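Reviewing the structure listed below.
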Amino acid sequence: MKALIQRVGQARVEVAGEVIGSIDQGLLVLVGVEREDDRARADKLLHKLLRYRVFSDENDKMNRSLSDVGGGLLLVSQFTLAADTNSGLRPSFSTAAPPELGEELYNYLVGQARLQHPNVACGRFGADMQVYLQNDGPVTFLLES
């Protein structure tokens, strides 16, 4: 699984003009599921998401995690993250999980996140979404599990 994480002051996702998920300070996470992914990889990714130290401490060093600051977690499925961009000028999606597996693992990740973190919001798998964010920093990392 791939996750593009962005530290945000606030973020929201809309479908057809309706806000379906929003957070204040926290992480916006764009999630891409690949063919070889499974629940173990989703668990490993969630462990990293909740504990990855991207928030500043009292000395302005990135030493605090999402769990430490009690921030929001906005999970948004993004099929294009699983693209193979190594050759040519058009992405190939041969490494992306089929839709059924992608949806199952995305929903699993959201469910597990809700069990482990008090402030979780999400997008809608397969929907045409509009994502709005106030990037903080900007601080952006690509995580893989």
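Here are the numbers for the structure shown:
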read-out	value
Check: the chain dipole with +1 on Lys, Arg Cβ and -1 on Asp, Glu Cβ, in debye	240
Segment 2-144 - percent relative contact order, Cα under 8 Å, separation 6 or more	39
Relative compactness, the chain, computed as alpha-carbon Rg over 2.2 N^0.38 Å	1.02
Gain in span if fully extended, Ser87 to Val19, counting 0.36 nm per residue against the direct Cα distance	20.8 nm
Ellipticity estimate at 222 nm from DSSP helix runs (n ≥ 4, -39,500 (n - 2.57)) divided over the chain, nearest 500	-7500 deg cm²/dmol
Mean-position separation - Cα centroids, segment 122-145 and segment 1-72, in angstrom	8
Nearest 10 degrees, 0 to 90: helix 99-116 Cα axis against the chain principal axis	20
Segments 20-32, 63-75 sorted - mean Cβ within 10 Å per residue, highest first	20-32, 63-75
Simple spin-label estimate for Asp43 and Gln116 in nanometres, 7 Å along Cα-Cβ	0.9
Using alpha-carbon coordinates, inclination of helix 39-51 to the longest axis of the chain, degrees	30
Gln10-Leu143 pseudo-label distance in nm [points 7 Å out on the Cα-to-Cβ vector]	2.5
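Only the coordinates and a few stated rules stand behind these numbers; no lab work does. Here the structure is a predicted model, which means the values were calculated and not measured. With ideal geometry, Cβ positions are generated from the backbone for all residues, glycine too; neighbour counts draw on all protein chains shown.
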